[in-house]
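Every number in this text was worked out from the coordinates using simple rules, so none of it is lab data. As the structure is a computational prediction, the values presented were derived from the model and not from experiment. Here the Cβ positions follow ideal geometry from the backbone for every residue, glycine too, while neighbour counts run over all protein chains shown.
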Amino acid sequence: MTAGTYQKLHHFNSPERLSLVQDQLFDLADTYHWQLQAWAILSNHYHFVALSPDDPSSLRGIIQKLHSLTAREINRLDQSPGRKIWFQYWDTAITFERSFLARLNYVHRNPVHHARVTDATQYPWCSAKWFEAKADPAFYKQVSGAIVDQVKVQDDF
């Protein structure tokens, strides 16, 4: 899942604003029973990989609610009621293990890809540190070695 801001504007350009998106994402994933596997939240877009519940149709509701709640709060903070914050989102049902592993690796490394940090584990709004601490060492090695150069993700932010 990938979503970007309208006109690629950097509305989430502070720790508090990045935490707003991350906290809402965590709450909504929990509420709708999606199991987050990887996430990266940047100032003008985010990515996440999650395991769906038996009925994955709730994804649209999660995204709509996430975008609505975060847009209203950012507009309140900026005193810009009604301003468009989010542009669109892209989701993919991952059906091949290699694709799943590559996307996990891609999302974990996304803050490095966008030059926010040199080590993704140092970026608080990304799953890299969590994954490094929690994953089985063999699975961590498998994901970290997954080739990401053929991953087709909208990410020209």
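For the stretch 45-108, pairs of C-alpha atoms spaced more than 14 angstrom apart make up 66 percent of the total.
Converting the Cα gyration tensor eigenvalues of the chain into ellipsoid dimensions via √(5λ) gives semi-axes, longest first, of 25, 18, 14 Å. Packing-based ranking of 93-99, 25-31, 127-133 yields 127-133, 25-31, 93-99, ordered from highest to lowest mean Cβ neighbour count within 10 Å.
Measuring nothing but alpha carbons in the stretch 98-152 and taking Rh as the Kirkwood radius, the Rg to Rh ratio lands at 0.95.
Among 8-19, 36-47, the peptide with the highest mean count of other Cβ atoms within 10 Å heads the list, and the full ranking is 36-47, 8-19.
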